[in-house]
1. In degrees between 0 and 90, to the nearest 10, how far off the longest principal axis of the chain does helix 31-40 point, with axes built from Cα atoms?
2. Gain in length, residue 51 to residue 191, computed as 0.36 nm per residue apart minus the alpha-carbon separation, to one decimal in nm?
3. Please give the solvent-accessible surface of residue 27 in Å², to the nearest 10, using a probe radius of 1.4 Å with every protein chain present.
4. For the chain, with all protein chains present and a 1.4 Å probe, just round the carbon and sulfur fraction of the accessible area to a whole percent.
5. Which listed residue (193, 105, 163) has the Cα farthest towards the positive end of the charge dipole for the chain, taking +1 on Lys and Arg C-beta and -1 on Asp and Glu C-beta about the Cα centre?
6. Rounded to the nearest 10 Å², what accessible area does residue 213 have for a 1.4 Å probe in the complete protein model?
7. Hey, if we sort 190, 84 by accessible area with the 1.4 Å probe, largest down, what's the order?
8. I'd like the distance separating the alpha-carbon centroids of segment 156-208 and segment 1-35, in whole Å.
Amino acid sequence: MKEIRFEVAFMPKEVKPNSAAVCIVIDVIRASTTMVNLLEKGCPQIILTSDEKQFMNNNPDYWHDGTLICAEEYSGNVAEGAHFSPSLKSLEKMDVNRKRVVLRTTNGTVAVQTLHELGVKHILIGCMNNAQAVMEKALDMADELNTSIMVVCAGRDNTQIAALDDAYCAGILVKYGQNLAKARGIEPVFMDSAKIASHMLSVYSDTIDAFNHSGSGETMRRIQCPEDIITCAKENGSTIVPMVSFHQEKQFIIVTKAKELAVHA
């Protein structure tokens, strides 16, 4: 029987350079959930950046073509000059249909940039909202590429420490991966990291309980966005799977719907 290995990196720096694994980045509260919802609402392209003002100045045409800026301060509040923050509550009020979005967050975008710098080629974006869909896509890719699946948690403090909410979400995702693999006649092999994440599911009564106990949940309450906890905890409300690519000409990282990109070995 064919096997697929599942692993979890609780911080991006745990990923080995040039890893061939299909990596699923999660920053469940809130960057990865925001990316799924942006694409769900009709945004065709998300550009990840570490400095939205410099990026826009380097691409002056974007100031005039309807491009929106989504960025947050370290506190989680909307950044100066941004149209909105990665708050799901704030996104509800935004019309992003057919509009490009430049995105900067304190952990999620940093995590993706870190993997790109490490030479990781196959990166998906996951969260609770697209848990089943992202694992189905990851299995498709891992099966085609004959490689493993790694769920990569963005963490907190500029991706330098582990985050409870991401680790719990990772446990949910690897559980879906396990069940989907078995349904396809593939033997799922859990490395210790995947076992640790999956065991977290027995510690809390449900996802909202886990998220409320997390540092990210505390931040949401402090900046008066408790609704974001509830939205980020919703399971399988979307079938959108964001996939990361790199624009060679313009030298920036792009996120689009997975179906718009081919799988390259």
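1. Approximately 80 degrees, to the nearest 10.
2. Here the segment from residue 51 to residue 191 would lengthen by 46.8 nm.
3. Near enough 10 Å² of accessible area.
4. Solvent-exposed carbon and sulfur of the chain make up 47 percent of the total.
5. Toward the positive end, the furthest listed residue is 193.
6. 120
7. From most accessible down to least: 190, 84.
8. 11
The values are calculated or read from the model by the stated rules, or taken from the named source; none is laboratory data. Everything quoted here is computed from the prediction, not taken from an experiment. Cβ sites come from the backbone with ideal geometry, for glycine too, and all protein chains shown count toward neighbours. The protein model used for the area step is the full one, side chains on, heavy atoms only, and it has no ligands, DNA or RNA in it. Shrake-Rupley method; radii C 1.70, N 1.55, O 1.52, S 1.80 Å.
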